[in-house]
Structure formats: C-alpha cells, structure tokens
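Student: Attaching a single structure in structure tokens format; questions to follow.
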Amino acid sequence: MLEKSLIVGEYHIDTSQNSLIHNNRKVYLGPLRTSLLHFLCKNLNSVVTREDLAQHVWGRLVTDHTINQHISQLRKSIGNMSIHGLNISTIPKRGYIARLEGAEVSQPAPLVAKPEAVTTNLKVLVVEANTADREEFATQLEAMNVAYVESVASVEAAEKSFALQDFDLLIIDALLNGTEGIELVKRIRMGETSAAADIRVLVTHFDVQRELLGINSLLDIQGLLLKPSEESRLKQMLMVASKSSVLLKPQAAYELVPTHVLSQEVQLHTAAY
C-alpha cells in the first residue's frame with residue numbers, strides 16, 4: 001500500500017499489515033478498508049464526500065452502494081474491537097466523517113526492514129486439488145514469512161474461506177476440476193463471491209498456453225505459476241503481486257471473457273494423466 005501508516009490518538013492504522021491496532025489488540029481490515037479508514041482519519045473530524053472517497057480510495061468511479069457497503073463493513077470491524085470514541089458517521093447528502101475528539105493525527109517512526117524478509121504482508125488463499133501441489137505452495141509461502149496462508153482443495157471450500165476471511169491474494173489452479181478455477185476468478189471479478197472483486201490473483205498451470213495467457217490478461221490476473229512450483233519464481237511473483245493493484249473494468253467486460261476456450265485443453269490434459 002502506498003499510503004504511510006497513521007497514528008490517530010491511541011489508534012494505529014498499520015498500512016503494512018492492513019490492520020487497525022489499539023493497545024495490544026489488532027483487527028485485520030484488508031487493503032481496501034485500510035485505505036478507506038486511512039483517508040477518513042487523515043481528514044479526521046472533517047466531512048469527506050463520496051466523490052473524494054471514490055477518487056482517493058478506489059481511484060475510479062464507484063457506486064454509492066459500493067461505498068456504503070465498505071463503510072458498513074469497516075464499522076463492523078471497528079465494532080468488533082469494542083472501540084469507544086472512534087466512529088464513522090454518515091452526513092446525509094454530503095458524505096462521511098471519522099470522529100475522535102481531541103485526537104492528533106501523526107505518522108509512526110519508520111521501521112528498519114529486515115534485509116532478507118519478503119515484505120509482502122499478504123494473506124494468501126491457495127486452491128489446489130492435488131494434495132502435493134497444495135502442500136508445496138503452502139510450505140513455500142510460510143517459509144517466505146507471508147502473514148497468513150490457508151490452503152483448500154475445491155472451489156466450494158474457497159468460497160467458504162472467502163466468507164470467513166479477507167484475503168489479499170488468491171493462488172488457484174486454472175484447470176481445477178475442469179475449468180472451475182478460472183471460472184471462480186471470473187465470478188470474483190464480477191462481484192459474485194464474498195471475495196473482494198479487486199483481489200490479486202496468481203493462477204497455476206502445468207504449461208504456458210496462449211489461450212490461458214489471454215484469459216489472464218482479460219481477467220486482470222497478476223501472473224502465472226508453472227507446476228511443479230519453483231520457490232524462486234513464486235517469490236518473484238509474490239513480490240510483483242504485492243505491489244500490484246487491480247483497476248476493475250465494467251462487469252460486462254468480464255462476462256464476455258471466453259473461459260470455454262480452455263475446455264479442449266482440459267480434455268487433453270485429463271487424457272494424458
């Protein structure tokens with residue numbers, strides 16, 4: 001995240017961890033809601049319009065419903081910490097205001113990064129049907145000091161994980177159970193799942209295929225990981241993904257992505273094994 005962390009009274013908006021910290025308690029907000037709270041608190045006790053939020057948080061036009069939904073989720077996260085004093089109020093026909101009376105806003109002293117650390121601070125979900133592939137990715141990610149790793153074997157399990165947790169990065173087999181892997185990414189971009197539509201995505205595959213590379217571009221996927229996994233390639237793509245942001249296209253653009261072109265390749269791959 002490009003923004004620097006903020007100290008707001010007794011609260012620390014930690015943009016490196018995408019979290020809100022109060023004393024010894026921490027709640028994970030995810031990148032978008034962290035950016036949202038950061039902008040509101042940078043303008044503490046001042047009204048911020050929806051247009052300002054769209055420009056500075058999303059970087060594009062978004063609907064009032066989208067902003068309202070994320071404000072509601074942000075309030076819930078703050079409420080889960082039982083924080084008293086910091087609140088976000090709606091100002092009818094004007095926008096929102098973060099209130100914390102008597103508080104000062106400042107930036108924390110910079111931390112010295114560990115030279116060998118992978119400074120991704122990502123929460124990663126791995127979706128691989130093959131147990132060996134799933135365990136290999138999880139092991140490599142944990143060795144890179146990624147903040148949190150969860151691995152599941154199916155699209156159904158992935159959707160349950162999304163409903164319970166905010167993830168920054170999805171690593172998924174493109175040919176999971178036919179083409180369900182790439183279809184899940186398509187539904188995510190269209191806002192049809194509990195995952196953030198702008199989540200960063202890496203797909204895995206056994207080969208480099210022109211059709212898949214084209215679909216990756218159309219679905220705003222950050223990269224391709226070949227199997228079996230190579231730790232150096234995974235580390236490289238992890239760093240690329242951690243610095244990437246997704247500027248979503250209109251939903252209709254994702255609806256038109258022809259994921260069916262992988263069907264023949266799936267049949268050939270299945271027959272080979």
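A short reminder: the numbers here are calculations on the coordinates, not readings from a lab. It should be emphasised that the depicted structure is a prediction, and the values quoted were computed from it without experimental measurement. Because the Cβ atoms are built from the backbone with ideal geometry, glycine has one as well, and the counts that use them run over all protein chains shown.
Student: Return the whole-Å distance between the Cα centroid of the range 195-232 and the Cα centroid of the range 17-89.
Tutor: 30 Å
Student: For an R0 of 25 angstrom, estimate the FRET efficiency from the Cβ-Cβ distance between ASN45 and LYS4 and round to the nearest 0.05.
Tutor: 0.80
Student: How much length is gained if the chain between GLU156 and ASN177 is pulled fully straight, taking 0.36 nm per residue apart and subtracting their Cα-Cα distance, in nm to one decimal?
Tutor: Length gained between GLU156 and ASN177: 6.4 nm.
Student: At 222 nm, what value in deg cm²/dmol follows for the chain if DSSP H runs of at least 4 each add -39500 (n - 2.57) and the sum is divided by all its residues, to the nearest 500?
Tutor: -11000 deg cm²/dmol
Student: With charges set only on the Cβ (+1 for Lys and Arg, -1 for Asp and Glu), what does the dipole of the range 16-69 come to about its Cα centre, in debye to the nearest 20?
Tutor: The calculated dipole for the range 16-69 is roughly 260 debye.
Student: Identify, among VAL203, MET237, THR193, the residue whose Cα sits farthest towards the positive end of the charge dipole of the range 153-273, taking +1 on the Cβ of Lys and Arg and -1 on the Cβ of Asp and Glu, with the dipole about the Cα centre.
Tutor: Final value for the positive-end residue is MET237.
Student: Still on this structure, I have one more. Count the lysine pairs in the chain that are 8 or more places apart or on different chains: how many have C-alpha atoms under 14 angstrom apart?
Tutor: Lysine pairs, 8 or more places apart or on different chains, close enough: 5.
Student: When the chain is modelled as a GNM with alpha-carbon springs shorter than 10 Å, which of ALA163, ALA129, ALA195 fluctuates the most?
Tutor: In the Gaussian network model the winner is ALA163.
Student: Something else now. In debye, nearest 20, what is the charge dipole magnitude of the range 6-106 about its Cα centre with +1 on Lys and Arg Cβ and -1 on Asp and Glu Cβ, if you could check?
Tutor: Here the size comes out at about 260 debye.
Student: With +1 assigned to the C-beta of every Lys and Arg and -1 to the C-beta of every Asp and Glu, and no other charges, what is the dipole magnitude of the chain about the Cα centre in debye, to the nearest 20?
Tutor: Computed about the Cα centre, the dipole is about 1000 debye.
Student: Got a sec? Charge dipole of the range 123-259, +1 on Cβ for Lys and Arg, -1 for Asp and Glu; which of VAL246, SER154, VAL124 is way out at the positive end?
Tutor: Going by the charge dipole, the pick is VAL246.
Student: Among [x] 36, 22, 15; [y] 30, 22, 19; [z] 24, 23, 18, find the value of semi-axes √(5λ) of the Cα gyration tensor in Å that was calculated from the structure presented, and write down its label.
Tutor: The calculated read-out lines up with [x].
Student: Also, I was wondering about something else. For LYS249 and SER16, what does the FRET efficiency come to when R0 = 25 Å and r is the distance between their Cβ atoms, rounded to the nearest 0.05?
Tutor: 0.30
Student: Given a 10 angstrom Cα cut-off, can you work out which residue in GLN222, GLN251, GLN140 is the most mobile in a GNM of the chain?
Tutor: GLN251
Student: Residue farthest toward the positive end of the dipole of the range 5-70, with Cβ of Lys/Arg at +1 and Asp/Glu at -1: which of PHE39, HIS12, ALA54?
Tutor: HIS12
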